1. Which of the residues spanning the range 1-16 are open to solvent by 90 Å² or more (accessible area, probe 1.4 Å) and either in a loop (DSSP other than H, G, I, E, B) or touching a residue at least 12 places away in the same chain (Cβ under 8 Å) (or both)?
2. When the range 31-66 is examined, which residues are found to be open to solvent by less than 90 Å² (accessible area, probe 1.4 Å) and touching a residue at least 24 places away in the same chain (Cβ under 8 Å)?
3. Please tell me if residue 2 is on the phi < 0 side of the Ramachandran plot and modelled with pLDDT of 90 or more.
4. Can you work out which of the residues in the range 19-66 that are in contact with a strand residue (DSSP E or B) (Cβ under 6 Å, 6 or more places away or on another chain), among the small types (Gly, Ala, Ser) and part of a loop (DSSP other than H, G, I, E, B) is farthest from residue 8 (Cα to Cα)?
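The values are calculated or read from the model by the stated rules, or taken from the named source; none is laboratory data. Note that the structure is predicted; figures quoted are calculated from it, not measured. So basically every Cβ, Gly included, is an ideal-geometry build from the backbone, and we count neighbours across all protein chains shown. Please note that ligands, DNA and RNA were not included when accessible areas were found on the heavy atoms of the full protein model with its side chains. Shrake-Rupley method; radii C 1.70, N 1.55, O 1.52, S 1.80 Å.
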Amino acid sequence: RPTTTWRAGEVIVDEYAILIAPDAPPGTYRIEMGLYDPLNGQRLPMLNAEGAPTADHLILTTVDVE
């Protein structure tokens, strides 16, 4: 759904499969997400409750590869 239709506090579920290469080095990897401006490809800032930018991505979780 386009972000222009999102409402504050609404939860949007969007599932993705993340494939890990069989030869990926062991370690802990962060899964991050960010949104981009479709007109210029720049990553959009995340804003706090006061509307001030805090980061340009959100760390969702970590994955351990053995």
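1. 1, 6, 7, 8, 11, 13, 14, 15, 16
2. 31, 32, 33, 34, 35, 57, 58, 59, 61, 62, 63, 65
3. Numbers: on the phi < 0 side of the Ramachandran plot: yes; modelled with pLDDT of 90 or more: no.
Judged against the criteria, residue 2 is not a match.
4. 24
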